[in-house]
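The values are calculated or read from the model by the stated rules, or taken from the named source; none is laboratory data. Note that the structure is predicted; figures quoted are calculated from it, not measured. A quick note on method: Cβ atoms are made from the backbone with ideal geometry, for glycine too, and the neighbour counts reach across all protein chains shown. Only protein heavy atoms, including side chains, enter the accessible area calculation; ligands, DNA and RNA are left aside. Shrake-Rupley method; radii C 1.70, N 1.55, O 1.52, S 1.80 Å.
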Amino acid sequence: MLHVLRHPLASHLMASLRDHATPPGEFRGLAHRLGLLLAMEATRDLPTQAATVTTPLENTAAQRLAHPLVVVPILRAGLGMVQPFIDLFPDVSVGYVGLERDHATAVAHSYYCKLPPLAGRTVVLVDPMLATGGSAAQALTLLKSHGASALRMVCVVSAPEGVATLHTSHPDVPVFTAAHDRGLNERKYILPGLGDFGDRLYGT
Ligand code: PRP
Ligand code: URA
């Protein structure tokens with residue numbers, strides 16, 4: 001259920017995202033471009049339904065997306081992964097889940113939730129960092145309690161610990177990642193990782 005993005009451009013973008021000297025303006029652009037590649041990868045198997053269209057010359061069989069798509073970022077860092085989905089799927093609905101890790105315990109607490117209808121839709125949870133997996137597991141539980149059943153999770157960097165947590169708590173949810181890293185340090189930051197994604201994205 002773990003899909004690691006294999007693309008030379010993804011590797012190239014990851015190199016600059018990891019670089020501590022990359023300033024916020026450039027970091028945002030890189031995150032956007034990598035988000036586009038991840039969004040393409042994570043939606044590769046979306047169901048389609050048969051349609052007929054009339055070209056300037058004749059009728060022909062075609063395929064259209066079968067279900068509406070919903071993207072749900074975990075605030076705050078997940079916001080940086082929403083625009084790529086809007087660029088590719090202009091009609092996408094956007095929900096929001098606010099979770100923040102306690103700096104001492106690394107346990108996330110919820111501070112915001114605003115969701116569109118989720119039942120019968122493909123729901124993509126986006127959060128750039130899957131570290132312990134606590135935030136994503138909590139968000140997925142919340143989304144399921146609001147009716148979501150066709151879920152997938154997209155992140156930029158994952159740690160084995162986070163993937164294992166999701167595999168145990170939400171085995172039905174595939175994870176798409178641009179990089180699967182070595183592990184966590186004692187403060188539950190991903191190694192080698194790229195640091196605090198939210199801080200780097202927003203210059204805080
Ligand atoms: C980061 C990140 C994830 C979470 C991952 O958010 O964006 O939401 O940590 O860690 P976990 O897998 O151990 O739960 P953070 O709590 O730093 O908040 P922010 O997005 O506001 O920066
Ligand atoms: N959140 C981040 O932003 N980075 C990490 O390495 C872990 C959690």
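If you scan the stretch 143-164, which residues turn out to be surrounded by fewer than 20 Cβ atoms within 10 Å (Cβ to Cβ) and either in a helix (DSSP H, G or I) or not hydroxyl-bearing (Ser, Thr, Tyr) (or both)? Correct list: Lys144, Ser145, His146, Gly147, Ala150, Pro160, Glu161, Ala164.
Listed by first and then second residue, the pairs with beta-carbon distance under 9 Å, at least 6 apart or on different chains, first residue in the stretch 76-87 and touching a residue at least 60 places away in the same chain (Cβ under 8 Å) and under 26 Å from His109 (Cα atoms), second within 16 Å of ligand 2 (Cβ to nearest atom) and part of a loop (DSSP other than H, G, I, E, B), are Ala77/Asp127; Ala77/Pro128; Ala77/Asp196; Gly80/Pro128; Met81/Asp127; Met81/Pro128.
With respect to the stated conditions, Val123 is assigned to a strand (DSSP E or B), among the aliphatic types (A, V, I, L, M), crowded, with 17+ Cβ neighbours inside 10 Å and more than 8 Å from ligand 1 (Cβ to nearest atom). The residue pairs whose first member lies in the stretch 168-197 and is among the small types (Gly, Ala, Ser), whose second member is open to solvent by less than 60 Å² (accessible area, probe 1.4 Å) and part of a loop (DSSP other than H, G, I, E, B), and whose beta carbons are closer than 7 Å, counting only pairs six or more residues apart or on different chains, are Ala178/Leu5; Gly183/Ala159; Gly193/Asp181.
Taken over the stretch 68-84, the criterion of being within 16 Å of ligand 2 (Cβ to nearest atom) and either of a type in the set (D, E, K, R) or not in a helix (DSSP H, G or I) (or both) is satisfied by Pro73, Ile74, Leu75, Arg76.
Residue by residue, here is whether (1) away from ligand 2 (no atom under 16 Å from the Cβ); (2) among the hydroxyl-bearing types (Ser, Thr, Tyr); (3) at pLDDT 95 or above holds:
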| position | (1), (2), (3) |
| --- | --- |
| Leu140 | yes, no, yes |
| Ser145 | yes, yes, yes |
| Ser158 | no, yes, yes |
| His167 | yes, no, yes |
| His170 | yes, no, yes |
| Tyr189 | no, yes, yes |
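What single numbered condition from (1) touching a residue at least 60 places away in the same chain (Cβ under 8 Å); (2) open to solvent by less than 20 Å² (accessible area, probe 1.4 Å) fails to hold for Pro73? Going through (1) touching a residue at least 60 places away in the same chain (Cβ under 8 Å); (2) open to solvent by less than 20 Å² (accessible area, probe 1.4 Å) one by one, Pro73 breaks only (1).
Consider the stretch 85-113 and keep the residues that are open to solvent by 30 Å² or more (accessible area, probe 1.4 Å), in a strand (DSSP E or B) and touching a helix residue (DSSP H, G or I) at 6+ places or on another chain (Cβ under 8 Å). The one that is farthest from ligand 1 (Cβ to nearest atom) is Val94.
Tally up the residues in the stretch 10-67 that are assigned to a loop (DSSP other than H, G, I, E, B) and among the hydrophobic types (A, V, I, L, M, F, W, C), please.
4
Yes or no, residue by residue, for (1) of a type in the set (Ser, Thr, Tyr); (2) at pLDDT 95 or above; (3) farther than 24 Å from Phe89 by Cα:
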| site | (1), (2), (3) |
| --- | --- |
| Leu9 | no, yes, no |
| Ala15 | no, yes, yes |
| Thr22 | yes, yes, yes |
| Arg44 | no, yes, no |
| Thr48 | yes, yes, no |
